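Input: a single structure, listed below in C-alpha cells.
The values are calculated or read from the model by the stated rules, or taken from the named source; none is laboratory data. Please read all numbers here as calculations on a predicted model, not as lab measurements. In this analysis, Cβ positions are derived from the backbone assuming ideal geometry, glycine residues included, and neighbour counts consider all displayed protein chains. When the accessible area is computed, the model is the full protein with side chains, heavy atoms only, and any ligands, DNA or RNA have been set aside. Shrake-Rupley method; radii C 1.70, N 1.55, O 1.52, S 1.80 Å.
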Amino acid sequence: MKKVSNVPKHVGVILDGNRRFAKRLMKKPWYGHRWGAKKVREFLHWLKECGIKYATLYSLSLENLHKRPQRELEFLLKLFEREFRKLLNPSHEIHKYGVRIKVIGRLSELPENLRELFRKVERATKNYKNYFLNFAIAYGGKQEIVDATKKLAKLVAKGKIKPSEINEKMFEKALYTNGFPPVDMLIRTGGEKRISNFLLWQCAYAELFFVDKMWPEFTKEDFLKILKEYEQRERRFGR
C-alpha cells in the first residue's frame, strides 16, 4: 500500500453494518459479526502499512449491550473471547509488530471471565510502543465523560486537587483514552451519518467520513480514498 504523506495520528472507526450485511445475504446476525471480525484483522494491516500509530475501534456500545437480543449478544461475547484469546499467542502479529492493546468502556457490565481475558491481553502487550489499539466494548461517550468527572470529583473530595486546578489536560488524563492523542479522523461505515455516542470529547475537531458500505465490505481502496481526502482537507481546529 502506498503511504499517504499526511496521515492521521489517531483514527476512530465505528464498525457499523455487520447485522444488515448478514440480513442482505439472508443470514443470521452473527454471521455478520464473524465477517466483521475478519475485516478488523485486515484493517489493522492497513493501519500498519500506512504508518498510523493510534486507533480506536467501536466494537460494542453500552446501549447495544443492554438492548440487543440475548442470543446475538451471547455470540458476540463468545466472538470477543475467541478473538482476544488468539492475541495471547506469542506468535500472533501484535507481538511481532509491537501493538499495545487496551479495552475501554464500562467493563464492569461484562462477564468476569471476559474482563480477566482483556486484562491478560493488556498485560501481555503493555510494554509495546510501536502501535496503540483501543477496542471500545460496553462503551458510551457520555458515560466516559461522567466517569472521568467522578474520578476528578473523588480527587477533589480527598483534597488531592482543587476545583480551580481542573483543566482540559487534566480531564483528558481521566478519560478511558488517557495517553492517546485526540481523534484526527473518524470513519463510520454502514451509511448512517452520526457518531452515536462515540469518543465525544476526543472527536471535538475530528474530520468525519461516512461510508455507505457495510463494515464487512469495506475495502483497502475505500480506506485509501478516505486517507487521500483527509490529506486534502484543511483542518481549522475551531479557528
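Residue by residue through segment 174-190, what is 3J(HN,Hα) from phi via Karplus (6.51 cos²θ - 1.76 cosθ + 1.60, θ = phi - 60°)? Round to whole Hz and write x for glycine and proline.
Working through the residues one at a time gives 8, 6, 4, 8, 3, x, 8, x, x, 6, 8, 9, 10, 10, 10, 8, x Hz.
Given only helices, namely DSSP H runs of n ≥ 4 each adding -39500 (n - 2.57), what is the per-residue ellipticity at 222 nm of the chain, to the nearest 500 deg cm²/dmol? Display every interim value, and only then the final one.
Values: 9 runs with 108 residues, N = 239.
Using -39500 (n - 2.57) per qualifying helix, the result is -14000 deg cm²/dmol.
Compute the Kirkwood hydrodynamic radius of segment 151-239, taking the inverse of the mean of 1/r over all pairs of distinct Cα atoms, and give it in Å to one decimal.
Details: mean 1/r = 0.0639 Å⁻¹.
In segment 151-239 this quantity evaluates to 15.7 Å.
Would you list which lysines come within 20 Å of LYS38, measuring only between C-alpha atoms, while excluding same-chain residues fewer than 8 positions from it?
Once the sequence-local lysines are set aside, what remains near LYS38 is LYS23, LYS27, LYS28, LYS48, LYS78, LYS86, LYS96, LYS102, LYS213, LYS220.
With a 10 Å radius around each residue's Cβ, average the other Cβ atoms per peptide and rank 85-96, 6-17, highest first. Spell out each step's value before the answer.
Numbers: 85-96: 13.3, 6-17: 22.4.
Per-residue mean Cβ counts within 10 Å order the peptides as 6-17, 85-96.
Can you list residues whose amide H is under 5 Å from GLU207's amide H, if they're 5+ apart or on another chain and H is modeled 1.01 Å from N?
Residues meeting the criterion, in which the H sits 1.01 Å from N, are MET185, LEU186.
Carbon-plus-sulfur fraction of the accessible area of segment 1-128, 1.4 Å probe, in percent?
Working: 3500 of 6930 Å².
Carbon plus sulfur share of accessible area: 50 percent.
Any idea of the accessible area per residue across segment 96-184, 1.4 Å probe, to the nearest Å²?
Details: 5020 Å² over 89 residues.
Per residue, segment 96-184 has 56 Å² of solvent-accessible surface.
For segment 64-151, taking Cα atoms only, what is the radius of gyration to one decimal and the Dmax to the nearest whole Å?
Expressed in Å, the Cα Rg and Dmax of segment 64-151 come to 14.1, 40.
How much net charge surrounds LYS154 when only the other residues with a Cβ under 12 Å from the Cβ of LYS154 are counted, with Lys and Arg +1 and Asp and Glu -1? Write down the numbers at each step before the final one.
Numbers: positive: LYS150, LYS151, LYS158, LYS160; negative: ASP147.
So the surrounding residues net to +3.
With each pseudo-label sitting 7 Å past Cα toward Cβ, what's the LYS129-HIS66 distance in nm, one decimal?
My value for the distance between the label points is 4.1 nm.
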